[in-house]
Amino acid sequence: MAQNKLPDWKVYWNQHDNIEALHKMMLEMDDTLRRIEAEFSCKLLSGDHLLIIDALEERIDELESAKSANPVGVQGELF
């Protein structure tokens, strides 16, 4: 596989808002990395793995912080 230009992983993970799905991707990291390689038609290096994992962890933390800051949710705000 040829090495293509890879995205900014923070921007890539910001497209995902489902915390449960992100946790599952983190738990199944080998599958996640293979899926990313297929998506970008490239072979990831160990440095790429670290950047991907770091950005994924950061995204999960952001979503969990936002969730705890607003535990009521949108429907609760209507009442």
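The values are calculated or read from the model by the stated rules, or taken from the named source; none is laboratory data. Note that this is a predicted model, so its numbers are computed, not measured. Quick reminder, even Gly has a Cβ in these numbers, built from the backbone with ideal geometry, and neighbours come from all protein chains shown. In case anyone asks, the SASA skips ligands and DNA or RNA and just uses the protein heavy atoms, side chains included. Shrake-Rupley method; radii C 1.70, N 1.55, O 1.52, S 1.80 Å.
For the reader, a short list of remarks on this structure follows.
- Stretching residue 6 away from residue 21 to a fully extended chain increases their span by 3.2 nm, per 0.36 nm per residue minus the current alpha-carbon distance.
- Per residue, the accessible area of region 1-46 comes to 69 Å², computed with a 1.4 Å probe over protein heavy atoms only.
- In the context of the full protein assembly, residue 63 retains an accessible surface of approximately 30 Å², using a probe radius of 1.4 Å and ignoring ligands and nucleic acids.
- Around residue 33: net Lys/Arg minus Asp/Glu count, Cβ-Cβ under 13 Å: -3
- Taking 0.36 nm per residue of separation and subtracting the current Cα-Cα distance, fully stretching the chain between residue 57 and residue 28 would add 9.1 nm.
- Whole-percent carbon and sulfur share, accessible surface of region 1-59, 1.4 Å: 56
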